[in-house]
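Take a look at the structure below.
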Amino acid sequence: MSSLLSDAKALLAKLVSFDTISAKTNLPCAEFIRDYLAGHGVETTLLPSDDGIHANLFATIGPRGDGGIAFSGHMDVVPVAGQPWDTDPFEMVERDGRLYGRGTCDMKGYLACVLALVPEMKKRALKRPLHIVFSYDEEVGCTGVKPMIAEFGKRLPTPGIVLVGEPTLMTVVDAHKGGYRFRTEITGQAAHSSKPQLGASAIFAAADLAMELRRIEERLKARQINPRFDPPYSSISVGSISGGVAHNIIPPHCEMNWGIRALPGLDVPALVREFDAYAQEHVLPPMRAVSDDCAIVMTPTGVLPAFSSGENSAATSLVLKLVGQNETFAVPYGTEASHFQAAGCSSVVCGPGSIDQAHQANEFVAIGELERCLTYLGRVIDTASE
Ligand SMILES: [Zn+2]
């Protein structure tokens, strides 16, 4: 086994040992990476979050200034609660050519490969800067990276190309759907359940609205087909509903969190207006007949624009060449690439591991994937040295 691979494995084991579930602090993880980089003579900028429990990490190796190539990844991971893990999720276990643990695939494996190559980056006479751009709170809607991108051109240089290492089985992803999240709060009227005529059920209203979302999705399925994506249509999902008080009370309150996974080009505002019109014109009036206090209020809770790198973009052309492939793919899940792209950085997604293992119990990355990633990243360093 190459020493580079064993370095990457050791770094991955260390990164996995930090419980960086998005809601928790990632500071010990970020500080470990900062200290590791300092050990190789690389200076790091940590950008703390407003609440002080998270930090983004930015470092440059090679010449200073804008341009160059950035390695982008997130330090946070999704929760493990309720998942049937066979091993401790925060202790990396090697078995049958795979490395198991929370984040091995999504996406500390990529971070470990980047970090393992830092000594190589330092050794080379780089003509273009290489940037390490590691974020927090990716898994809760790609929110953590935004304040870091806001510093591009100010405290931080603006990378020319951003290589986002989300798991793609080392294929090249140049487009993904957008994600739009909403909360709909329904205020009904409480009453004894033996006297339903005196109340307005917020839960029945929520159920009605959920079914309307289902009908809208059916229409999207029929008309918005883009064969690059799987599924090839914009989809809608109700993620959670909560409400009610007890079995014998007409529920006065219900809250529904839902979202749209939008193909590039979908007119999301028009769709949202259509849904809101249904709520205000069909669902609310019979409730208002019971009480003027009844209300249906919709609030956007997060937006990740759809991502499209653009035909023959600098990032896509480079990565296709370096991984020796000639086909790009579109994926149904979101990444930070859309924010980088929106900030003017040519972006592309390519990383080790399969999205099928991400967010699951017994998450793993195949060791062969890390080897392929290390080879690819080595070529990126060659490119920056030419
Ligand atoms: Zn991820």
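The values are calculated or read from the model by the stated rules, or taken from the named source; none is laboratory data. Here the structure is a predicted model, which is why all the values come from computation and not from measurement. Glycine also receives a Cβ, built like all others from the backbone with ideal geometry; neighbour counts cover every protein chain displayed. Accessible surface is based on the protein model in full, side chains and every heavy atom, while ligands, DNA and RNA are left aside. Shrake-Rupley method; radii C 1.70, N 1.55, O 1.52, S 1.80 Å.
Remarks
- Boolean, C254 is modelled with pLDDT of 95 or more, buried (at least 18 other Cβ atoms within 10 Å of the Cβ), in contact with a Leu (Cβ under 9 Å, 6 or more places away or on another chain) and under 20 Å from F204 (Cα atoms): no
- Restricting attention to region 87-111, the residues that are assigned to a loop (DSSP other than H, G, I, E, B), away from the ligand (no atom under 16 Å from the Cβ) and either out of contact with any Phe, Trp or Tyr (no Cβ under 8 Å at 6 or more places or on another chain) or open to solvent by less than 20 Å² (accessible area, probe 1.4 Å) (or both) total 4.
- Criterion (within 13 Å of the ligand (Cβ to nearest atom), of a type in the set (A, V, I, L, M, F, W, C) and within 18 Å of V114 (Cα to Cα)) met by exactly one of V164, V173: V164
- For G82, the criteria (1) within 20 Å of H359 (Cβ to Cβ); (2) of a type outside the set (V, I, T); (3) in contact (Cβ under 8 Å) with a residue 60 or more places away in the chain hold in every case but one, which is (3).
- Pairs, first under 14 Å from P48 (Cβ atoms) in region 128-157, second assigned to a helix (DSSP H, G or I) and within 13 Å of the ligand (Cβ to nearest atom), C-beta under 9 Å, six or more apart: F134/L111; S135/V145; Y136/V145; D137/V145
- Pairs meeting the criteria (first residue in region 214-240 and over 16 Å from Y180 (Cβ atoms), second residue of a type in the set (S, T, Y), beta carbons under 7 Å, at least 6 apart or on different chains) are K221/Y233; I225/Y233.
- In region 62-79, residue farthest from the ligand (Cβ to nearest atom) [restricted to those that are more than 15 Å from the chain's Cα centre (by Cα) and of a type in the set (D, E, K, R)]: R64
- Hey, E311 out of contact with any strand residue (DSSP E or B) (no Cβ under 7 Å at 6 or more places or on another chain), of a type in the set (D, E, K, R) and farther than 26 Å from I381 by Cβ or not: yes
- Checklist (1) within 22 Å of R155 (Cα to Cα); (2) of a type in the set (A, V, I, L, M); (3) open to solvent by less than 30 Å² (accessible area, probe 1.4 Å) applied to L5, failing item: (1)
- Neighbours by Cβ (under 9 Å, 6+ apart or cross-chain): first from region 274-300, open to solvent by 80 Å² or more (accessible area, probe 1.4 Å); second among the hydroxyl-bearing types (S, T, Y): D293/T187; P300/Y180
- For region 301-316, filtered to residues that are buried (at least 18 other Cβ atoms within 10 Å of the Cβ) and at pLDDT 95 or above, the residue that is nearest to V162 (Cα to Cα) is A315.
- Within region 138-159, restricting attention to residues that are touching a Ser or Thr at 6+ places or on another chain (Cβ under 8 Å), in a loop (DSSP other than H, G, I, E, B) and open to solvent by 30 Å² or more (accessible area, probe 1.4 Å), the residue that is farthest from the ligand (Cβ to nearest atom) is R155.
- Residues in region 179-206 that are of a type in the set (G, A, S) and either surrounded by fewer than 19 Cβ atoms within 10 Å (Cβ to Cβ) or more than 16 Å from the ligand (Cβ to nearest atom) (or both): G188, A190, A191, S193, S194, G199, A200, S201, A202, A205, A206.
- Residue within region 113-131 that is buried (at least 23 other Cβ atoms within 10 Å of the Cβ), within 16 Å of the ligand (Cβ to nearest atom) and part of a loop (DSSP other than H, G, I, E, B) present: no
- Residues located in region 320-355, provided they are part of a strand (DSSP E or B), polar (S, T, N, Q) and either more than 26 Å from L12 (Cα to Cα) or away from the ligand (no atom under 16 Å from the Cβ) (or both): T328, S346
- Single residue of A59, A13, A30 found to be in a helix (DSSP H, G or I), within 19 Å of M148 (Cβ to Cβ), touching a residue at least 24 places away in the same chain (Cβ under 8 Å) and more than 16 Å from the ligand (Cβ to nearest atom): A30
- Residue match in region 287-298 (condition: within 16 Å of the ligand (Cβ to nearest atom) and touching a strand residue (DSSP E or B) at 6+ places or on another chain (Cβ under 6 Å)): no
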